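Here's the structure we're looking at; comments come further down.
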Amino acid sequence: MIKSSLKCFLIFLLGTSVIANLYSQPLADSVNWKTNNVIALFPKNYSKNNGLTITDAINKYQNSNGFHLEIIGRGFATMTTPRSTFIIPDTFDLSNLNDTLDSWITSRVNGLSVSPFGLLSNSNFKGLSINGFGFYIPRLSGMGISIFEAQSIKAQGLIVSAGWTRVGLMQGVEIAGFNGCWILNGLQLGITNSCKRGKGLQIGLFNSSDNFRGVQIGLLNRIGKLYVPVLNLNFKKKEDFS
């Protein structure tokens, strides 16, 4: 009963904050951005912050360069996000993925970000992100660390999580208890590793992919309908996943 009530409260808190954010913003081009240098304490929307930024959560149209400290954050909500959010259709044109993300992203963070509860925003992140519960960063370039869950639409670099990872396009390394991505270019290291399609290396107890070019090392490995114990090799080039 207590767990159900807590979960409902967290979902309500996230939902109300997102709705307020969506309906209280004028167009970004119609306002003057405020620049904060050295220290920015709880900056408002439409602000460019250089140096130390201390905030409760990233809002729309807020750019931070330097050290970003998010004392509350909404990263705990990553555990309620449906997996379908991260599915990239087989017919999706990856060459347009950056343009698609640019149309979604409303904030940017460059440097070091620390959030006890976790970062959750439509942000373009470059640097190192250290989070408590989890994080959701649409486009991550660098390194993301979380305790429970790590989520990204496009990640380039390294993601580390004691729990789960859920990534659309992963270009780099995933290290977690349970790794999951739609398209992989790189390495997955965990208890279980799965990707829809990709190339590279999977190391874990159970490795799985519908279409994979590379090496799988684990107790049981699957590529398509073929199950192979210990070591599975496939270097037949069917598709370019870059």
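The values are calculated or read from the model by the stated rules, or taken from the named source; none is laboratory data. What you see is a predicted model, and the numbers here were worked out from it, not measured in a lab. Positions of Cβ are generated from backbone atoms using ideal geometry, with glycine treated the same way; all protein chains shown enter the neighbour counts. Calculation scope for accessible area: heavy atoms of the full protein, side chains included, ligands and nucleic acids excluded. Shrake-Rupley method; radii C 1.70, N 1.55, O 1.52, S 1.80 Å.
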First check a/c for segment 95-242, with a ≥ b ≥ c the square roots of the eigenvalues of its C-alpha gyration tensor; if it is under 1.5, answer rounded, and if not, answer prolate when a/b is larger than b/c or oblate otherwise. oblate
With a 1.4 Å probe and all protein chains left in place, how much accessible area per residue does segment 161-220 have, in Å²? 32
Could you state the number of Å between the C-alpha centres of segment 186-207 and segment 155-171? 11
Under the Karplus relation with 6.51, -1.76 and 1.60 and θ = phi - 60°, whole-Hz ³J(HN,Hα) for segment 202-214, x at Gly and Pro, equal 10, 10, x, 5, 10, 10, 8, 7, 6, 8, 9, 10, x
Please work out how much length the chain gains when fully extended from PHE42 to ALA162, using 0.36 nm per residue of separation minus the C-alpha to C-alpha distance, in nm with one decimal. 40.2 nm
Checking segment 186-235 for trypsin sites (Lys or Arg not before Pro) in a loop per DSSP with at most 11 other beta-carbon atoms within 10 Å yields LYS225
